[in-house]
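**Q** Next up is a structure, given as structure tokens.
Any read-out appearing in this document is the output of simple, stated calculations on the displayed coordinates, not a laboratory observation. Keep in mind the model is a prediction, meaning the values are calculated, not measured. Reconstructed Cβ throughout: ideal geometry from the backbone, glycine too, with neighbour counts over all protein chains shown.
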Amino acid sequence: MKKTAIISLLTIVLLNTSCLRLDDLLHNNNINPITEYKLGDYEGEIAFTLPDSMKIEQDKIHLFQILSDFDGVAKNIYALYLGDTARIAIDTVILYCHGNWDHLDYYYPCIQLLANAGGKHNYGVMSFDYRGYGLSEGYPTESFLYADTDAAMKWLKSKGLTNDRLVIYGFSMGTAPATELTANTRSMTPSKLILEAPFASGETLVQDATGLALPGSYIIDLKIDNAQEIQKVTQPFLWFHGTDDKKIRIETHGEVVYKNYGGTVSYACRVPGAGHSDIPVVLGYDHYLNIIDNFIKGNLTYSGLITED
């Protein structure tokens, strides 16, 4: 039997036995279980390694819990803020929604890097672990992704942050809550949207994974559709995607999301040679940070990107 026929047969069996559920497969939250957060001292797998010059001062690192409540299901989730919490009411803040792999310790270099955009602590940076990730309580689902992100925005709002100074950044799975909460106002409405390696929809993820022309609804519970939600987004939009991304292909995912953007101010940064999670490394940290800083300030031009639209 040919390999493609075997794959097709196995896929059909999985479909009929309801064994394959993308709602579960999307989350890789217990890869490296922890009992405490180490952040910069974590010795496990991390996204990438930053130079010592980008280390964050200890008094600017704040780890705490916030309450996330959705339909009466309330859980404590862990959040991280890099910067001066006393300045949130007057600072611009980047809210970073991380991907589906592991927890804050893994993504700490990504968060730490953003705290160096435009100079160290030029912007406040907040991130958090979704339910079931790291030490956050509960179990992750699509609805809870949005609720947990909204809980982070509620906390920022309680500290005096206003919509015009909130920038939301989504990476991989985190592009879903970032796009959803930019398109549909909840506690706050971000003023700018940054997506890195966004996927178009759960449907497209299934098509890419199986290679079969099957309705995604056959095997997924997810309703995530970034390609549809981005049509409602009119805030300035910056998109990063590696041309060699094998996990979320730029052709079937990123390009579709970018094309469907509903506003008028957008920038596409297609990064030749970059895979799924190494865009800052391939671009170079300084170049990457300059792009983000200029985008937030409204000074970005295509001459400042790696490629042109």
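**Q** Quick check on the exposure proxy: order 137, 251 from fewest to most C-beta atoms within 10 angstrom.
**A** 251, 137
**Q** Please sort by residue number the trypsin sites (Lys or Arg not before Pro) in region 241-271 whose DSSP state is loop and whose Cβ has at most 14 other Cβ atoms within 10 Å.
**A** Numbers: sites: 246, 247, 249, 259, 270; in loops: 246, 247, 249.
Sites meeting the loop and neighbour criteria: 246.
**Q** Measure out, as a whole number of angstrom, how far apart the alpha-carbon centroids of region 31-62 and region 242-309 sit.
**A** Between the Cα centres of region 31-62 and region 242-309 lies a distance of 25 Å.
**Q** If you don't mind, there's one more thing I want to ask. Test of understanding: ordering 171, 48 by Cβ neighbours within 10 Å, fewest first, what list do you get?
**A** Details: 171 25, 48 13.
With the fewest neighbours first, 171, 48 line up as 48, 171.
**Q** Any of 60/247; 120/247; 259/297; 120/297 with alpha carbons more than 27 Å apart? Name them for me. Please list the in-between numbers first.
**A** On the way: 60/247 34 Å; 120/247 32 Å; 259/297 23 Å; 120/297 16 Å.
Table pairs above 27 Å Cα-Cα are 60/247; 120/247.
**Q** Under a crude label model (7 Å from the Cα following the beta-carbon direction), how far is residue 30 from residue 244 in nanometres?
**A** Each label point is offset 7 Å from its Cα along the Cβ direction, giving 3.4 nm.
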